[in-house]
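Working notes, beginning with the structure itself.
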Amino acid sequence: MERQGWLIVAVLMASMMGGALSNAWLTVGLGAQGGDVLTASQVNIVDSSGRLRAVIAGEDERGLTSLAFYGQDGAFRGVLGADANGDPVLQFNNAAGFSRLSAGVQDDNALVTVGDQGAGHVLVGSLGGSPIVGLADMQRTPLRLTLGQGGQPQVSLFNGAGQRSLGLAVGADDAPFVSLFDGAGAQRVAIGAVEGATLINLGDGIRPRLVLGVADNGLPSVGFYDEEGTLVRSVAAGEQ
């Protein structure tokens, strides 16, 4: 095992050295081109009729280092570039000049927008290390699909005020849950199946107040809780 570990280290070091030597060779190659190197802040590309079809710019009107594309009518149709911080940017427009596909990367976050950003569109990305899919309407994203820290799927529906109204999730123990929230985003109802038992939890937005359950043996029960969340009465099947 020790010999195998040293072999792995040796292979990694060789790979790193090879990459460094390749980068050094490329740098030398670029510097050795001499008079064959073209230096310009902007290059315009035209078609056979002399119409502008693309522009390569070191800094365009958007502040991007970019390759921009234009239609035969001169309308801006798309751009591939990097902003002042070096973050990559991609955007494609329709014939009317409105964005229909855009993508960007900032730090470890990436986001792709498909559709009309001024109306309904789809968001696909990775934020904070978690993948997310959202159905958006202008500035609102009322439907979001993501994964929890343990990889558990979560679906959330939001109201017009941006508060969560409905949540669907599968817990780390594979227990499914449905949660309902009031207009202020406080949880009021939780329905789930845990270890063979069925639970319906009715709360006041802070703590449970009434819990209905059916145990894995099929026996039902009702639990009553006070405003502190303490169980004050429990009624099981067969009790008066």
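When the Kirkwood radius is taken over all Cα pairs of segment 36-106, what Stokes-Einstein diffusion coefficient follows at 20 °C and 1.002 mPa s, in µm²/s?
167
Dipole of segment 148-240, Cα-centred, from +1 at each Lys and Arg C-beta and -1 at each Asp and Glu C-beta, to the nearest 20 debye?
Result for segment 148-240 is approximately 280 debye, rounded to the nearest 20.
Over segment 107-182, what per residue volume does the convex hull of the Cα atoms give, in whole Å³?
So the per-residue Cα hull volume is 90 Å³.
Rounded to whole Å, give me the distance from the Cα center of segment 181-199 to that of segment 45-78.
Answer, in whole Å: 54.
Over the Cα atoms of segment 148-240, each weighted equally, I'd like the Debye log10 I(q)/I(0) at q = 0.13, 0.19, 0.25 Å⁻¹, rounded to two decimals.
Per q value, in the given order, log10 I(q)/I(0) is -0.52, -0.97, -1.23.
Among His121, Phe177, Phe76, whose Cα projects farthest towards the positive end of the dipole of segment 72-231, with charges put on the beta-carbon of Lys, Arg (+1) and Asp, Glu (-1)?
Phe76
Throughout, read-outs are computed from the coordinates displayed, never taken from laboratory work. Computed from a predicted model, the values in this text were never measured in an experiment. Note: ideal-geometry Cβ built from the backbone for every residue, glycine included; neighbour counts use all protein chains shown.
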